[in-house]
Amino acid sequence: MKRVLVGMAALAAAFGLVACSGSTAGSAAGGGAVPAAASVPVSSSSAPTSSSAPATSSSPASTSAKPTPKPAPKPKADPEPSTADVPCAAAAAASGTSACVDISAHRAWLLQDGKVIYGPVSMLPGRKGHATPTGTFHVLSKEKLHLSKQFDNAPMPNSVFFYPGDAFHTGSLKVYSHGCIHLSATSSLRFFNTLHIGDVVQVVP
């Protein structure tokens, strides 16, 4: 009787192994053989993931391949006005602000410590019989709107007197003066605002 029971138990165990493995061939590997075989597709599916890695690593290479942008060129500075054409040695040698007038060329300049800061600008000197004096002078006085008593209270805006009765001021650039130096309204304002009492004014023929 015991032998019959042992034989039945062995048969039952053999039947259970076939049921877990799903086949008699898989029973040799044990119950874990099927899960191991099932994991093969998982490892094969991971191949695209590993193959996509080079694409990711190639993106920094393409970024580094971009040309480095060149720096924008610096704007060129405006050239400094030259004193080469200024014919006034005394004005150029003066410290502080000074003025230079070239009668024959009908030009005038403003200088600061010997360097041109304004000009040349157009001017007109005195007419025949009322010539503008030449030489080296100094600013005597300034008057925003001088009225010429000698010439029927004629207005002389932005007057800067450098000689008794003669001044830089706004005047016609087509009509000669009676000894003053005519400047445009813009230029006369610049001369008025720049020059100070005592500054050198040199007038050359």
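Tabulated results
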quantity: Accessible surface, 1.4 Å probe, highest first, among residues Ser172, Ser187, Ser104; calculated: Ser104, Ser172, Ser187
quantity: Cut-off under 5 Å, modelled amide H: who pairs with Val201 long-range; calculated: Ala99, Phe137, His138, Val139
quantity: With all protein chains modelled, accessible area of His106 [1.4 Å, Å²]; calculated: 60 Å²
quantity: Accessible surface ranking that places the most exposed of Lys142, Lys174, Lys115 first, with a 1.4 angstrom probe; calculated: Lys174, Lys115, Lys142
quantity: Rounded if a/c under 1.5, otherwise prolate or oblate - the stretch 138-205, Cα gyration tensor axes; calculated: rounded
quantity: Long-range amide H partners of Gly179 with built H, under 5 Å; calculated: Gly126, Arg127
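The values are calculated or read from the model by the stated rules, or taken from the named source; none is laboratory data. Quick caveat, the model's predicted, so the values are computed rather than measured. These accessible areas exclude ligands, DNA and RNA; they are computed on the full protein's heavy atoms, side chains included. Shrake-Rupley method; radii C 1.70, N 1.55, O 1.52, S 1.80 Å.
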